[in-house]
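Working notes, structure below.
Please treat every number below as a calculation from the coordinates, not as lab data. Treat the numbers as computed from the prediction; the structure is a model and nothing was measured. Glycine also receives a Cβ, built like all others from the backbone with ideal geometry; neighbour counts cover every protein chain displayed.
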Number of protein chains: 2
Amino acid sequence: MSSRLSIALAAGDGIGPEIMDATLELFKAAGVMNHADFIPVEMGAAVFAKGNSRGMSDHAIRTTEECGILFKGPMETPKGGGGKSINVTARKLWNAYANFRTFKTLPGVETVYSKAGIFIDMCVVRENIEDTYGGVEHRLSNDMIQCKRLISAPGCDAVHRFAFQTARRLGIKKAACVHKANIMKMTDGLFLDRFKAAGRDFPEIEQSDVIVDALCMNLVVKPQQYQMLVLPNLQGDIVSDLCAGLVGGLGFAPSANIGNHISIFEAVHGTAPDIAGRGIANPTSLILSGIMMLRHMGLTVPAANIENALLATLESGVRTGDFGDKTKPSLGTRDFTNAIVERLGNTPKTVAAVEVPAANSKLPERAPTPTGQQVIRTFKNVVTHVGGCDIYLDTPLSPLALAEEMQRVCQDTPFKLTLISNRGTQVWPTGSVYTECVDYYRVRFELKENVPPGSFGQSRCVALMDKVSEAFTICSYELLRTFDGVKGYSLAQGQ
Amino acid sequence: MSSRLSIALAAGDGIGPEIMDATLELFKAAGVMNHADFIPVEMGAAVFAKGNSRGMSDHAIRTTEECGILFKGPMETPKGGGGKSINVTARKLWNAYANFRTFKTLPGVETVYSKAGIFIDMCVVRENIEDTYGGVEHRLSNDMIQCKRLISAPGCDAVHRFAFQTARRLGIKKAACVHKANIMKMTDGLFLDRFKAAGRDFPEIEQSDVIVDALCMNLVVKPQQYQMLVLPNLQGDIVSDLCAGLVGGLGFAPSANIGNHISIFEAVHGTAPDIAGRGIANPTSLILSGIMMLRHMGLTVPAANIENALLATLESGVRTGDFGDKTKPSLGTRDFTNAIVERLGNTPKTVAAVEVPAANSKLPERAPTPTGQQVIRTFKNVVTHVGGCDIYLDTPLSPLALAEEMQRVCQDTPFKLTLISNRGTQVWPTGSVYTECVDYYRVRFELKENVPPGSFGQSRCVALMDKVSEAFTICSYELLRTFDGVKGYSLAQGQ
């Protein structure tokens with residue numbers, strides 16, 4: 001590897017500067033600085049305090065975009081005042097679509113599982129942009145609020161491709177797609193389908209799928225059965241923190257947010273303001289994130305050396321005050337780091353050492369900087385036909401009274417009323433007297449029997465909506481279409 | 001208690017009949033039949049096989065509705081063929097809005113946590129109807145599928161009220177609301193707000209809230225810190241299975257689905273077809289669900305006696321083949337049950353015995369059967385004003401090209417284009433070149449500065465939509481309103 005690497009560096013708030021100093025000290029001793037420059041940038045509390053609601057200076061944004069890599073310590077999001085989480089902003093701004101976290105039982109870090117003799121070595125790949133994390137929410141009636149859960153085919157493809165490529169690169173033998181496709185049949189069904197499609201190019205990796213609730217039970221009973229889990233955003237958020245708990249908490253688990261242009265490596269634990277500046281913070285999570293970053297950049301030799309030295313240090317009982325055998329003395333951040341530096345070149349004895357490769361890998365090629373937002377697409381040339389529409393009404397009427405009104409409205413249109421549902425349960429034409437309704441109904445109109453699908457476009461639906469709006473508040477609307485002949489909408493429970 | 005109780009009884013599939021026989025045997029020995037009649041009903045595989053897609057006969061539905069209580073064994077949902085899960089149908093059909101599950105470390109049931117000396121005694125109350133479980137899904141473009149996440153104020157109120165009343169009834173001292181309101185600010189924000197509102201009537205119960213991912217980490221690290229967790233549907237689904245894992249799996253955790261009219265008590269584990277009919281199945285989960293049912297019906301004396309006998313049996317090392325000390329012999333279902341019957345009147349020695357009350361409690365009063373669907377309401381007399389609309393387009397255009405078109409469309413209307421977002425991230429008027437877009441955009445129109453809110457109703461929005469639809473496919477639409485002056489819609493990331 002000839003060319004030097006540049007990394008934007010944001011130390012973070014609270015204990016951030018201390019643990020970042022420690023990590024850089026270790027990097028230096030391991031020869032990382034022979035290959036890479038770290039360029040400090042301004043992010044976090046100080047930037048928020050200047051009234052910048054993103055918490056990062058323009059220079060920080062530009063530098064990160066030039067480097068393509070950001071290494072960051074923990075940061076605070078100010079409560080109130082419109083400041084937004086830097087993590088969330090960064091993922092969205094830079095399209096860091098995959099969150100990658102590894103979880104490994106560390107020697108000297110006692111957990112419920114280590115006490116039971118269970119050794120954990122797994123990773124989680126989480127989709128980082130879609131799902132309910134788009135934050136698209138609407139109050140639709142006095143009593144009803146909606147959040148849109150969005151899952152796209154190209155969004156799924158990006159994360160699945162990253163997962164399988166990572167499994168191949170790291171020698172991970174099996175990957176499981178985690179989902180709730182038995183309930184969210186279309187959205188999580190798509191996530192699962194695209195996992196299977198992407199997996200066809202990786203036949204050497206054993207592939208399976210598991211429902212998220214069953215997975216969480218399995219994880220607490222027998223976590224060692226999993227190697228890589230691939231999940232949608234919310235489920236991935238929950239499961240990755242669960243997995244952190246299995247190995248001792250967020251202080252012992254690294255995290256990366258991976259994009260095609262910019263990737264972010266960070267400690268996900270808090271800023272621990274209570275112990276900030278006292279020189280006693282535990283830098284393990286940031287060191288592990290740094291190791292992950294070095295591997296990502298092709299610096300596989302120092303990554304392996306640092307990891308072995310860290311493992312050798314932990315197994316010798318060296319510890320900071322937050323973990324380990326409390327009967328033994330604990331070290332400050334600096335001494336803890338020096339203990340790792342002293343062990344560079346050593347390998348651990350009680351756990352498997354990481355193999356040190358003969359040379360660093362090739363520097364990964366960076367995609368050219370886009371000049372404008374790209375539209376990414378998976379399914380093209382699909383034939384769609386309009387089949388009707390779902391209209392959502394804000395009304396306190398009973399289902400029967402509403403059905404009468406709606407049948408009148410659609411009388412002289414190509415549509416008939418086929419369904420009224422409330423909170424997903426059909427309440428007309430059939431329903432149970434026990435179903436309790438709220439002031440937000442879905443009314444479904446579909447083509448009359450004698451009207452073939454594809455007879456016309458959406459204009460008749462908009463005209464119908466116009467008619468309905470004369471007497472009712474329409475809070476929401478969806479066009480019903482077939483895609484290559486398959487209905488693009490679910491049936492109601494009971495329909 | 002003078003009047004007799006009636007309970008609809010569905011033994012279930014696979015091992016269902018064996019474990020149900022065992023449970024009824026135990027009930028009989030404990031004197032339950034002096035107070036209650038069990039009326040067998042047809043549900044499950046045999047009913048599905050007759051082509052009934054609900055898996056329950058009309059008689060079963062009628063009987064359950066008359067009794068108000070259904071006690072059921074595990075049931076299969078046939079794969080394919082349109083058969084629907086009986087559990088889901090029952091919750092929706094009978095509005096069983098709260099799922100209640102308890103998790104308690106049992107003597108003789110070894111788990112990772114029992115080995116670490118951690119004793120678990122907690123419960124989960126899960127909202128059972130709303131969230132993404134309404135199954136309202138639409139394919140909105142070639143590449144984008146949406147699932148509606150719906151959270152209503154009366155839906156929240158019902159589950160929170162049940163949770164607090166249950167805590168009071170069972171002497172539970174603290175309850176935590178679990179949520180993801182830092183991301184789903186409006187929907188989970190509502191869930192959390194209504195928890196706090198309901199909690200005001202229960203000042204003796206310590207109340208707190210915790211974000212779901214942090215909770216899951218805490219649960220694997222230190223589960224004994226929680227007593228009652230109250231969650232929205234999906235998060236509750238995940239967390240309750242996680243908790244089952246903490247105490248040894250679904251075979252050791254009871255479950256109830258509670259409604260105002262009909263409540264369902266069931267074993268949530270599978271039908272175990274591989275061992276069905278061999279007389280070796282473990283009836284513990286169904287017995288525990290039965291104990292929960294007896295308490296719910298006011299039969300607190302036999303409930304306590306059976307629970308004490310079960311605990312005394314388990315602590316003595318009596319076991320079925322699926323758990324316990326494998327060096328000791330295991331019993332079949334019948335002998336395991338007889339061992340419990342023999343211990344009726346005994347109390348456990350190694351764990352706390354359940355207090356046996358002097359007399360059964362009063363039979364709970366049942367609400368009168370509704371004659372039609374009720375509309376339940378929380379917020380009334382709210383003043384709403386139209387502020388614009390979000391229109392969602394299926395288009396492969398770039399954000400800039402789309403913005404030009406949309407500005408032209410709204411030129412002679414009271415609206416201006418304020419925002420275009422893609423997957424929740426703002427891409428116009430500002431945005432990052434790194435944001436990757438899919439073929440599904442949100443376009444936000446809001447009132448021009450000189451138009452005061454409340455100047456007109458929704459008709460101008462529908463007219464605008466009509467104009468947009470001349471050149472674009474509108475896959476979705478939402479009315480933007482203020483409710484008592486507060487915006488009923490979220491801003492985009494970056495807005």
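Placing unit charges on C-beta atoms (Lys and Arg positive, Asp and Glu negative, everything else neutral), compute the dipole magnitude of the protein assembly as shown about its Cα centre in debye, rounded to 20. Walk me through the numbers on the way to the answer.
Details: 100 positive and 100 negative charges, 70 e Å.
Computed charge dipole of the protein assembly as shown: roughly 340 debye.
When only alpha carbons are used to place a centre, segment B:164-192 and segment A:295-347 end up 41 Å from one another. Sequentially through segment A:138-143, phi angles give Karplus couplings (6.51, -1.76, 1.60; θ = phi - 60°) of 9, 7, 9, 8, 3, 9 Hz, Gly and Pro residues having no value and appearing as x.
Counting only other chains, what is the mean number of Cβ atoms within 10 angstrom of the Cβ of each residue in peptide A:210-222?
Working: counts 0, 3, 4, 9, 4, 4, 12, 11, 4, 5, 15, 8, 2.
Shielding by partners across A:210-222 averages 6.
Between the residues B:337, B:359, B:383, the greatest Cα displacement towards the positive end of the dipole of segment B:328-389, with unit charges on the Cβ of Lys, Arg, Asp and Glu, is found for B:383. Inter-part distance, segment A:1-76 to segment A:445-495, computed on C-alpha centroids, equals 52 Å.
In terms of its C-alpha gyration tensor, segment B:140-183 has a prolate overall shape, because the principal axis ratio a/c (a ≥ b ≥ c, square roots of the eigenvalues) is not below 1.5 and a/b outweighs b/c. With the charge dipole of segment A:84-134 set up from +1 on Lys and Arg Cβ and -1 on Asp and Glu Cβ about the Cα centre, the Cα lying farthest toward the positive end among the listed residues A:128, A:94, A:107 is that of A:94. For the peptides B:259-267, B:25-33, the ranking by mean Cβ contacts within 10 Å, running from highest to lowest, is B:259-267, B:25-33.
Legend: translational diffusion of segment B:274-421 by Stokes-Einstein, Rh = Kirkwood radius over C-alpha pairs, 4 °C, 1.567 mPa s; D = 59 µm²/s.
Highest-first packing order for the peptide set A:87-94, B:47-54 is A:87-94, B:47-54, based on the mean count of other beta carbon atoms within 10 Å. Between residue B:121 and residue B:174, the contour length at 0.36 nm per residue exceeds the alpha carbon distance by 17.9 nm.
With the Cα gyration tensor of segment B:152-267 giving a ≥ b ≥ c as the square roots of its eigenvalues, does the rule (a/c under 1.5 for rounded; else a/b larger than b/c for prolate; else oblate) give rounded, prolate or oblate?
Values: a/c = 1.38, a/b = 1.12, b/c = 1.23.
Because its axes are fairly even, with a/c under 1.5, segment B:152-267 counts as rounded.
Near the amide H of residue A:387, within less than 5 Å, lie the amide hydrogens of A:480, A:481, A:482, all on another chain or at least 5 residues away, with H placed in the peptide plane. In straight Cα distance, which lysines are under 23 Å from residue B:174, not counting same-chain residues fewer than 8 positions off? Partners within reach: B:104, B:196, B:222. Spin-label model, residue B:222/residue A:37: points 7 Å from Cα along the beta carbon direction are separated by 4.6 nm. Take the Cβ-Cβ distance between residue B:49 and residue B:278 as r, set R0 to 25 Å, and report the resulting FRET efficiency rounded to the nearest 0.05. Step by step, r from the Cβ atoms, then E = 0.65. The H on the amide N of residue A:331, modeled in the peptide plane, is under 5 Å from the matching H of A:319, A:320, A:321, each at least 5 residues off or on a different chain.
Shown is the FRET efficiency for residue B:363 and residue A:397, computed with R0 = 45 Å from the Cβ-Cβ distance and rounded to the nearest 0.05: 0.80. Averaged over peptide B:249-257, the number of partner chain Cβ atoms lying within 10 Å of each residue's Cβ comes to 1. For residue A:209, the residues whose modelled amide H falls within less than 5 Å of its own, excluding neighbours fewer than 5 places apart on the same chain, are A:177.
Kindly give the semi-axes, whole Å and largest first, of the ellipsoid equivalent to segment B:62-103, taking each as the square root of 5 times a Cα gyration tensor eigenvalue.
Numbers: eigenvalues 78, 44, 24 Å².
Gyration-tensor ellipsoid for segment B:62-103: 20, 15, 11 Å.
For the pair residue B:85 and residue A:325, label points projected 7 Å from Cα toward Cβ lie 4.8 nm apart.
Put one equal scatterer on each alpha carbon of the protein assembly as shown, apply the Debye formula with no solvent term, and list log10 I(q)/I(0) at q = 0.06, 0.09 1/Å to two decimals. Treating every Cα as an identical point scatterer, log10 I(q)/I(0) equals -0.46, -1.05. Per residue, the average separation of C-alpha pairs within less than 8 Å and at least 6 apart gives chain B a relative contact order of 16 percent.
Here the calculated FRET efficiency for residue B:210 and residue A:463, from their Cβ-Cβ distance with R0 = 60 Å, stands at 0.75, rounded to the nearest 0.05.
Need one number: % antiparallel among DSSP beta bridges in chain A, to the nearest 5. Present the calculation step by step, with values, prior to reporting the outcome.
Details: 49 of 75 bridges.
Antiparallel bridges make up about 65 percent of those DSSP assigns within chain A.
From the P(r) of chain B, could you give the percentage of C-alpha pairs in the tail past 30 Å? Numbers along the way, then the final one.
Working: 67973 of 122265 pairs.
Summing the P(r) tail past 30 Å for chain B gives 56 percent.
Placing +1 on the Cβ of every Lys and Arg and -1 on the Cβ of every Asp and Glu, with no other charges, gives segment A:1-82 a dipole of roughly 140 debye about its Cα centre.
Only one residue of A:490, A:443, A:68 has its Cα farthest out toward the positive end of the dipole of chain A, where Lys and Arg carry +1 and Asp and Glu -1 on Cβ, and that residue is A:68.
Taking the axis that rotates chain A onto chain B, the chain A residue nearest to it by Cβ, with the distance rounded to whole Å, is A:477, 2. Across the copies of the chain, residue B:222 has label points (7 Å from Cα along Cα→Cβ) spaced 3.1 nm apart, shortest distance listed first. When the Cα centres of segment A:406-441 and segment B:205-277 are compared, how far apart do they sit, in Å? The distance from the Cα centre of segment A:406-441 to that of segment B:205-277 comes to 34 Å. Summing Cβ point charges (Lys, Arg +1; Asp, Glu -1) relative to the Cα centre of segment B:34-89 gives a dipole of roughly 300 debye. For the peptides A:417-427, B:158-168, A:349-359, residues were scored by their other Cβ atoms within 10 Å and the scores averaged per peptide; the highest-first order is A:417-427, B:158-168, A:349-359. Sequence-ordered 3J(HN,Hα) estimates for segment A:371-386 from the Karplus curve with 6.51, -1.76 and 1.60 and θ = phi - 60° stand at 9, x, 4, 8, 9, 9, 9, 10, 9, 10, 6, 8, 8, 10, 10, 6 Hz, glycine and proline given as x.
Label-point spacing at residue A:6 relative to the other copies reads 8.1 nm, in ascending order, each point sitting 7 Å out from Cα along Cα→Cβ. Relative to the other identical copies, residue B:316 shows label-point distances of 5.6 nm, where the label point lies 7 Å from Cα along the Cβ direction and values run shortest first.
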